[in-house]
Amino acid sequence: MRHTGLLAGAVTAVSAQASYGNGYGGAGPNNLTFETSIKVNAAQQYQKMIGGGCSGAFGAACTTNTLSAADQEAVVQTLFGENYGGLSILRNLIGSSKGATILPSCPDTPAGPFNYSLPGNDTCQLPLARTALKYNPDLFLYADAWSAPGCFKTTGMEAGGGVICGVRRSNCTQDWREAYANYLIEYVKLYQQRGINVSLLGAYNEPDFNPFTYSAMLSDGYQAYDFLSIFYPMVKKAFPSLAVSCCDSTGARQQRDLLYELGRLGGTNLFDVNTYHNYQSDIKEPFDDLLKGQPTIETEWSDGGTNWTPTWDKSGNNFEGFQWAIYMHNAFRNNVAGWSHWWCTWTGGDAALINVNGTSYQVAARLWAFSGYFRFARPGAVRLDAESGVEEVYVTAWQNTNGSVAIPVVNAAHYAYTLDISLAGTNVSHGVAYLTDNDHNVTMSEGFAVSGGRFQAVIEPRAMKTYFLDSQ
């Protein structure tokens with residue numbers, strides 16, 4: 001995306017009259033280094049970071065069971081360890097299918113009885129959450145339902161769409177909205193009983209999409225209002241600090257449509273976090289005009305294909321790590337506070353960050369793109385105004401709660417850039433750069449001093465480099 005405030009005359013080609021040497025900074029058409037400026041201003045602040053994440057839904061959390069115990073532990077550490085992938089969000093499926101639901105036997109009426117129990121280890125989601133908490137004690141656990149139990153819905157089935165009975169146009173003989181709200185709250189209680197707190201609770205997944213092959217429930221914005229007006233006060237009564245989401249639409253445009261309808265009825269005060277997916281439409285503008293200050297998280301995306309893409313930047317594939325660094329950059333520039341992949345682990349395909357193949361596993365470079373942001377801009381960090389002088393150098397800047405500053409930069413050019421980076425309103429004096437490209441995975445590359453509120457650095461071609469600054 002084009003950045004505003006481009007600096008006139010900021011791009012200067014180094015003299016091309018010298019030899020065609022190896023490395024950047026020399027001259028010649030095969031060896032170019034360009035220069036540009038980046039300006040960071042801490043006086044202008046935007047959203048607070050929630051973090052990056054992934055999910056163990058639909059048995060994905062069980063795919064590591066073929067690994068040794070040590071490797072199972074290493075996979076979770078690689079994803080959620082602060083000095084590794086740096087993820088902070090884990091999205092759980094509140095199952096509705098047989099064997100996965102907390103309500104194995106449905107009552108005849110909304111009056112009950114309801115006999116809730118967590119099915120085993122919750123399709124491996126419970127041990128995944130426990131291990132993730134070991135490496136990230138501040139884990140943001142998002143419990144989300146794809147569908148209500150079938151007996152709560154117009155179709156009588158948990159898969160294949162339908163709407164919750166009791167919302168407009170449901171035409172049911174009984175109203176199951178309160179029962180569905182209690183069902184979701186009970187899942188939170190079952191996890192709490194096992195020592196795990198849920199941070200965010202959701203009633204919908206892709207309510208604009210009607211697949212017939214898996215758990216799904218439909219809703220437009222008006223129907224969402226009808227349920228959230230019951231659900232939201234019940235959640236706050238049971239767990240005052242538990243946040244409620246809305247509504248995980250398939251794309252940013254689809255989520256805007258739902259929010260617009262919800263807002264017509266005054267429903268923008270019935271949720272705490274705006275959640276969307278990135279499948280059908282990428283974010284083009286902030287959601288701020290449709291919200292009342294709630295943060296936004298992109299909570300699921302992958303291509304779901306069968307080809308495994310572990311590389312950073314080899315073919316231009318949409319699921320190479322380099323591309324994901326830019327996807328996240330564009331989302332952050334549109335005030336998105338968190339970004340989640342679909343599965344954490346799987347067996348083949350680009351639906352996961354880590355591919356498990358029997359007794360071995362491989363990490364996709366997409367995870368290192370996540371790490372380039374979330375390892376350094378920790379939850380609670382605030383995004384600062386940051387402007388690049390050229391379109392092909394992408395930059396965001398984040399100030400952590402302890403005053404340290406993370407500046408992730410992505411160079412889309414096929415040549416290096418020398419960066420003149422100035423910082424206004426920060427109190428940092430020392431920095432370390434971490435490089436990600438075809439040969440490096442968030443690798444510490446050099447340290448430097450910040451003098452007079454500025455420093456110079458080089459970013460390699462087709463690379464992501466995070467400059468982490470503090471006052472030490």
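Every read-out reported here was derived from the displayed coordinates using simple, explicitly stated rules and does not represent laboratory data. On a predicted model such as this, the values are computed, not experimentally measured, just so you know. Counting neighbours? That spans all protein chains shown, and the Cβs are built from the backbone with ideal geometry, glycine included.
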Whose amide H sits under 5 Å from the amide H of residue 441, counting only residues 5 or more places off or on another chain, with H placed in the peptide plane?
none
Rounded to 5, the percent of DSSP beta bridges in segment 304-441 classed as antiparallel:
80
Taking the Cβ of each residue in 247, 106 as the centre, tally the other Cβ atoms inside 10 Å and list the residues starting with the fewest.
106, 247
The exposure ranking of 204, 232, fewest beta-carbon neighbours within 10 Å first, is 232, 204
For the Cα atoms of the chain, what angle does the longest principal axis make with the long axis of helix 177-192, in degrees from 0 to 90, nearest 10?
60
Per the 1/(1 + (r/R0)^6) rule, R0 = 25 Å and r from the Cβ atoms of residue 155 and residue 281, FRET efficiency to 0.05 is 0.40
Given charges of +1 on the Cβ of Lys and Arg and -1 on the Cβ of Asp and Glu, with all other atoms neutral, how large is the dipole of segment 50-374 about its Cα centre, in debye to the nearest 20?
440
(1) 0.95; (2) 1.27; (3) 1.01: which one is Rg/Rh (Cα atoms, Kirkwood Rh) as calculated from this entry?
(3)
When the chain is fully extended, how far beyond the present Cα-Cα distance does residue 68 get from residue 178, taking 0.36 nm per residue of separation?
35.2 nm
Neighbours of residue 398 by Cβ distance under 9 Å: Lys/Arg at +1, Asp/Glu at -1, summed charge +2
Listing 326, 354, 297 from the residue with the fewest other Cβ atoms within 10 Å to the one with the most, what is the order?
326, 354, 297
Return the FRET efficiency for the residue pair residue 422, residue 288: r is the Cβ-Cβ distance, R0 is 25 Å, and the value is rounded to the nearest 0.05.
0.35
If you restrict to DSSP beta bridges whose two residues both lie in the chain, what percentage is antiparallel, to the nearest 5?
55
Which order do the peptides 452-458, 157-163 take when ranked by the mean count of other beta-carbon atoms within 10 Å per residue, highest first?
157-163, 452-458
Show that you can apply the helix-only estimate: for the chain, add -39,500 (n - 2.57) for every DSSP H stretch of four or more residues, divide by all residues, and state [θ] at 222 nm to the nearest 500.
-6500 deg cm²/dmol
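Give, as a single signed number, the net charge of other residues whose beta carbon lies under 14 Å from the beta carbon of residue 32, with Lys and Arg counted +1 and Asp and Glu -1.
Computed value for this residue: -2.
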Describe numerically, in nm with one decimal, the distance between label points set 7 Å from Cα along Cα→Cβ at residue 264 and at residue 116.
3.4
Per-pair calculated FRET efficiency, R0 = 30 Å: residue 253 and residue 189 via Cβ, rounded to 0.05
0.25
Quickly work out the residue 210-to-residue 429 label distance, labels modelled 7 Å from Cα along the C-beta direction, and quote it in nm with one decimal.
6.5
